[in-house]
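Enquirer: Sharing a structure below in structure tokens format, with a few things to ask.
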Number of protein chains: 2
Amino acid sequence: MHYKNNYHPENEPVYKGLSVNQGVNDAPMINPYGQPKRKRQQYSASEFVEGILGGDISMLSQSVTLVESSLPEHQLIAQKVIEKCLPHAGNAVRLGITGVPGAGKSTFIEALGMHLVRDGHKLAVLAIDPSSERSKGSILGDKTRMEELSVAKNAFIRPSPSAGSLGGVARKTRESIILCEAAGFDTIFVETVGVGQSETSVHSMVDFFLLIQLAGTGDELQGIKRGIMEMADGIAINKCDGTNIDKARVAKTQYQNALHLFPPHESHWSPEAITCSSVELNGIREVWNMVERYIDFVKANHYFEIKRNAQSKYWMYETINEQLKNNFYQNSEIQNMLIDSEKRVLSNELSSFVAAKNLLDKYFRKIRK
Amino acid sequence: MHYKNNYHPENEPVYKGLSVNQGVNDAPMINPYGQPKRKRQQYSASEFVEGILGGDISMLSQSVTLVESSLPEHQLIAQKVIEKCLPHAGNAVRLGITGVPGAGKSTFIEALGMHLVRDGHKLAVLAIDPSSERSKGSILGDKTRMEELSVAKNAFIRPSPSAGSLGGVARKTRESIILCEAAGFDTIFVETVGVGQSETSVHSMVDFFLLIQLAGTGDELQGIKRGIMEMADGIAINKCDGTNIDKARVAKTQYQNALHLFPPHESHWSPEAITCSSVELNGIREVWNMVERYIDFVKANHYFEIKRNAQSKYWMYETINEQLKNNFYQNSEIQNMLIDSEKRVLSNELSSFVAAKNLLDKYFRKIRK
């Protein structure tokens with residue numbers, strides 16, 4: 001079945017079902033029509049919104065699937081749903097969680113997450129991992145690493161959108177936050193793996209950025225060397241248990257000292273380092289207390305609002321810049337010409353700048369037609 | 001005098017003179033016509049090329065001024081000059097030099113530069129400092145800090161283009177490299193101040209990336225915390241003189257150890273840390289020997305060519321992306337609409353994504369007309 005044949009051009013397009021792991025692609029111009037494996041009930045945007053606002057997890061989950069889809073008709077519904085959810089969003093605490101693989105992010109999320117849902121919170125756990133296509137969901141993909149949380153009534157766990165550019169993946173995650181908040185989740189975790197530029201993306205959509213560190217690895221530069229510590233509002237030194245306790249305490253002092261070397265945060269908040277054990281459940285409550293103290297602090301000095309506004313602006317500009325590039329690079333004539341231009345640049349026939357200029361001239365001539 | 005009145009639309013536009021510190025602006029659409037303070041001799045692109053290839057420093061200097069100008073007619077000549085110089089470029093060793101303010105970059109460049117020109121080299125020193133507009137040329141601006149080098153016969157020192165986005169400033173510097181090489185300079189330094197993203201830009205246009213570090217500041221994280229060490233092909237620990245010698249040697253060991261913590265470079269080169277004193281002229285020759293050993297090493301394993309090709313490609317794409325954005329944001333209707341869109345995004349009336357979509361729709365409708 002091709003969607004083309006069933007496409008409804010009216011104001012209220014309908015969603016005809018798409019399995020979670022399919023059709024997620026950042027190149028709508030190249031492959032605009034997917035072939036869903038099975039048919040589901042067809043819902044309109046208003047029905048999705050009604051479901052989401054009523055806290056229907058299945059409807060929320062299907063809406064997130066639409067957000068992640070690259071099919072133009074799915075995007076059309078998704079954008080309508082987001083618009084209508086927007087006035088009901090924004091009330092959650094958004095916590096970014098990062099750390100290198102092996103730092104124990106999954107067990108930490110399980111521990112902190114269970115602490116929160118037991119305390120009456122509704123928690124959504126999202127992720128950004130642009131590498132997940134290759135690593136096949138190393139992050140959140142394996143829900144069995146969060147045994148309790150994955151079946152908890154008030155928790156919604158969603159793996160990272162599985163393909164596309166970082167900008168595209170991050171945009172989808174940010175849109176999903178809006179849907180989760182409209183569905184009544186008061187706490188959002190956004191997890192990312194501690195490599196590459198994904199931290200910057202997560203940082204641009206959360207209120208508090210938590211770095212999970214590991215004591216006693218003998219590599220005291222972990223995290224620091226990628227400038228991530230500069231972004232952190234707090235550090236949780238994980239696996240502070242058993243024979244690791246002394247090392248974790250030494251690490252805490254080291255990190256606390258290191259944090260003072262960085263220029264003060266715009267928020268005027270002084271980042272803290274806290275030891276914890278996700279296994280023995282020590283220090284988990286203290287980490288959450290830190291987050292709550294931070295939120296109180298930045299709400300009092302209005303930085304909370306300033307940051308949220310800056311993030312909204314950032315995402316408007318990011319979306320524009322991403323789309324300007326997509327439009328150019330997905331133009332079939334440009335794609336053909338690029339191959340030749342690259343060759344001529346590499347053989348020193350053409351400067352990078354003249355090659356770029358020729359391509360741009362071609363592009364603007366083309367779209368003016 | 002307005003250029004508009006004197007504009008020559010024929011194939012061979014002429015350069016009518018522009019003082020070095022004027023008219024350098026990244027927004028050609030907004031302010032396309034500058035008012036030069038004085039008139040100079042008018043040269044054609046071919047005359048510039050002839051002058052440059054003959055090693056005429058005045059002609060080189062005026063060409064660089066054209067490259068840095070934002071006037072469309074200057075850019076037209078500049079691009080012609082660059083095209084014709086391109087086959088004569090590419091033969092220099094390109095050395096990127098970074099370090100935090102106070103690390104002694106100027107005295108180091110003076111010392112290494114004088115060592116090279118005395119050895120028969122022809123040296124051009126360029127800079128990238130997108131902040132120079134504000135700091136009024138903290139970098140290379142004050143040539144008096146390079147007393148000998150600034151008057152040496154075989155040295156050409158040029159401050160950073162003084163305004164515009166990092167991308168724009170960096171593009172101009174990269175184009176200037178081509179002109180300097182065509183003029184017979186066999187060694188190019190590109191200096192940058194050790195803050196922000198300018199290192200990445202410099203890294204994308206040089207063969208060897210040298211980090212100048214200072215021993216004994218008590219801040220062993222300098223450099224590391226911004227991820228710059230990961231980019232460095234070598235570290236020069238400067239001010240290894242007087243009472244500083246022991247501290248510099250300790251620092252050398254620390255940096256050498258730290259360098260091993262990073263993943264291996266694509267080049268398979270192992271970065272080295274070398275102590276030096278720009279004042280006592282110790283270790284300067286050793287730093288240059290390291291650069292030469294590196295060049296031999298990467299020429300032998302072909303990484304030299306691979307990197308230069310990757311850089312050419314990078315700059316083609318960078319130029320395209322920069323220009324796509326310029327075209328959008330310099331559109332007057334978009335500029336008006338952006339103000340309103342920002343307001344509505346900040347008041348939560350509109351999602352970042354819908355605001356972006358509306359702006360893009362408007363833009364593409366507009367340029368299609």
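Enquirer: For the pair B:Gln254 and A:Leu346, how long in nm is the line joining their label points, each one 7 Å along Cα→Cβ?
Expert: Label at B:Gln254, label at A:Leu346, 4.4 nm between them.
Enquirer: Sticking with this one: State, in square angstrom and to the nearest 100, the accessible area buried between chains B and A, both chains counted, probe radius 1.4 Å.
Expert: Values: alone 18130 and 18160 Å², together 31390 Å².
Summed over both sides, the interface buries about 4900 Å².
Enquirer: Let me ask another. For label points placed 7 Å from Cα toward Cβ, what is the shortest-first list of nm distances from A:Asn257 to its copies?
Expert: So the distances to the same position in the other copies read 1.3 nm.
Enquirer: Now for a different question. Can you run phi through the Karplus equation (6.51, -1.76, 1.60; θ = phi - 60°) for segment A:112-122 and list ³J(HN,Hα) in whole Hz, with x for Gly and Pro?
Expert: Karplus-based 3J(HN,Hα) across segment A:112-122 equals 5, x, 5, 4, 6, 5, 5, 7, x, 7, 10 Hz.
Enquirer: Applying the Karplus parametrisation 6.51 cos²θ - 1.76 cosθ + 1.60 with θ = phi - 60° to the phi angles of segment A:244-252, what ³J(HN,Hα) value in whole Hz is obtained for each residue in order, glycine and proline being reported as x?
Expert: 8, 4, 5, 4, 5, 5, 4, 4, 4
Enquirer: Averaged over A:308-320, how many beta carbons belonging to a partner chain fall within 10 Å of each residue's beta carbon? Walk me through the numbers on the way to the answer.
Expert: Working: counts 2, 5, 1, 1, 9, 6, 1, 6, 15, 8, 3, 9, 14.
Mean partner-chain Cβ count within 10 Å for A:308-320: 6.
Enquirer: Hey, if we sort B:Val117, A:Val190 by accessible area with the 1.4 Å probe, largest down, what's the order? All intermediate terms of the calculation are to be shown ahead of the outcome.
Expert: On the way: B:Val117 25, A:Val190 0 Å².
If we order B:Val117, A:Val190 from most to least accessible, we get B:Val117, A:Val190.
Enquirer: Between B:His268 and A:Glu286, what is the FRET efficiency for a Förster distance of 51 Å, r being their Cβ-Cβ separation, to the nearest 0.05?
Expert: 0.65
Enquirer: Oh, and also: Based on the Cα coordinates of segment A:251-328, what is the per residue volume of their convex hull in Å³?
Expert: 152
Enquirer: Also: Report, in whole Å, the centroid distance computed from the Cα atoms of segment B:50-118 and segment B:337-369.
Expert: 41
Enquirer: For segment B:235-369, report the translational diffusion coefficient in µm²/s to the nearest whole number, using Stokes-Einstein at 4 °C, 1.567 mPa s, and a Kirkwood Rh over Cα pairs. Provide the component values of the computation, followed by the final result.
Expert: Working: Rh = 20.1 Å.
In µm²/s, the coefficient is 64.
Enquirer: Please compute, for peptide A:83-92, the average count of beta-carbon atoms on other protein chains lying within 10 Å of each residue's beta-carbon.
Expert: Numbers: counts 5, 0, 1, 7, 2, 0, 2, 1, 0, 0.
Other-chain Cβ atoms within 10 Å of each residue's Cβ, averaged: 2.
Enquirer: Quick one: label points 7 angstrom along Cα→Cβ at B:Thr200, distances to the other copies in nm, smallest first?
Expert: Nearest first, the other copies' label points are 0.3 nm away.
Enquirer: Still on this model: Under the convention of a label 7 Å out along Cα→Cβ, give the distances in nm from B:Asn301 to the same position in every other copy, shortest first.
Expert: Result, one decimal in nm: 4.8.
Enquirer: So how do B:64-75, B:276-287 stack up, highest first, on mean other-Cβ count within 10 Å? Before the final figure, lay out the partial values.
Expert: Working: B:64-75: 22.7, B:276-287: 18.5.
Packing proxy ranking, top to bottom: B:64-75, B:276-287.
Enquirer: On to the next question. Give the calculated FRET efficiency between A:Asp119 and A:Val151 to the nearest 0.05, with a Förster radius of 22 Å applied to their Cβ-Cβ distance. Please report the intermediate quantities before stating the final value.
Expert: Numbers: r = 18 Å, r/R0 = 0.80.
Computed FRET efficiency for A:Asp119 and A:Val151 comes out at 0.80.
Enquirer: In terms of modelled amide H atoms, which long-range or inter-chain residues lie less than 5 Å from the amide H of A:Val125?
Expert: It is A:Phe156, A:Ile157, A:Arg158, A:Phe189, by chain and number.
Enquirer: Once phi is turned into θ = phi - 60°, what whole-Hz ³J(HN,Hα) does the Karplus curve with 6.51, -1.76 and 1.60 give for every residue of segment A:253-266, x standing for Gly and Pro?
Expert: Once θ is set to phi - 60°, the couplings for segment A:253-266 become 4, 4, 5, 4, 5, 4, 4, 6, 6, 7, x, x, 5, 4 Hz.
Enquirer: Here's a follow-up. Can you spot the aspartates and glutamates whose alpha carbon is less than 19 Å from A:Lys313's alpha carbon? Ignore those fewer than 8 places along the same chain.
Expert: Within reach: A:Glu83, A:Glu175, A:Glu199, A:Asp207, A:Glu266, A:Glu305, A:Glu322, B:Glu333, B:Asp340, B:Glu342, B:Glu349, B:Asp361.
Enquirer: Now a separate question. If you take the C-alpha gyration tensor of segment B:41-88, multiply each eigenvalue by 5 and take the square root, what semi-axes do you get, largest first, in whole Å? Don't skip to the end; give the middle numbers.
Expert: Numbers: eigenvalues 49, 28, 16 Å².
Taking √(5λ) for each Cα gyration eigenvalue gives 16, 12, 9 Å.
Enquirer: Mind listing the long-range amide H neighbours of A:Ile237? Cut-off is under 5 Å, sequence gap 5 or more, other chains count too, H placed in the peptide plane at 1.01 Å from N.
Expert: The answer is A:Gln213, A:Ile274, A:Thr275, A:Cys276.
Enquirer: Kindly give the semi-axes, whole Å and largest first, of the ellipsoid equivalent to segment A:290-338, taking each as the square root of 5 times a Cα gyration tensor eigenvalue.
Expert: Values: eigenvalues 343, 18, 5 Å².
In descending order, the three semi-axes are 41, 10, 5 Å.
Enquirer: Moving on to the next point. Need one number: nm distance between label points at A:Glu305 and A:Leu261, each 7 Å from Cα along Cα→Cβ, rounded to one decimal.
Expert: For A:Glu305 paired with A:Leu261, the spin-label model returns 3.7 nm.
Enquirer: Right, here's the next one. Report, as an integer, the average count of C-beta atoms from other chains found within 10 Å of each Cβ along B:237-243. Mind dumping the intermediate values first?
Expert: Working: counts 0, 0, 0, 0, 0, 0, 0.
Mean shielding count: 0.
The values are calculated or read from the model by the stated rules, or taken from the named source; none is laboratory data. Only a predicted model underlies this, so the values are computations on that prediction, with no experimental measurement involved. Counting neighbours? That spans all protein chains shown, and the Cβs are built from the backbone with ideal geometry, glycine included. Keep in mind that these areas ignore ligands, DNA and RNA; they rest on the heavy atoms of the full protein, side chains included. Shrake-Rupley method; radii C 1.70, N 1.55, O 1.52, S 1.80 Å.
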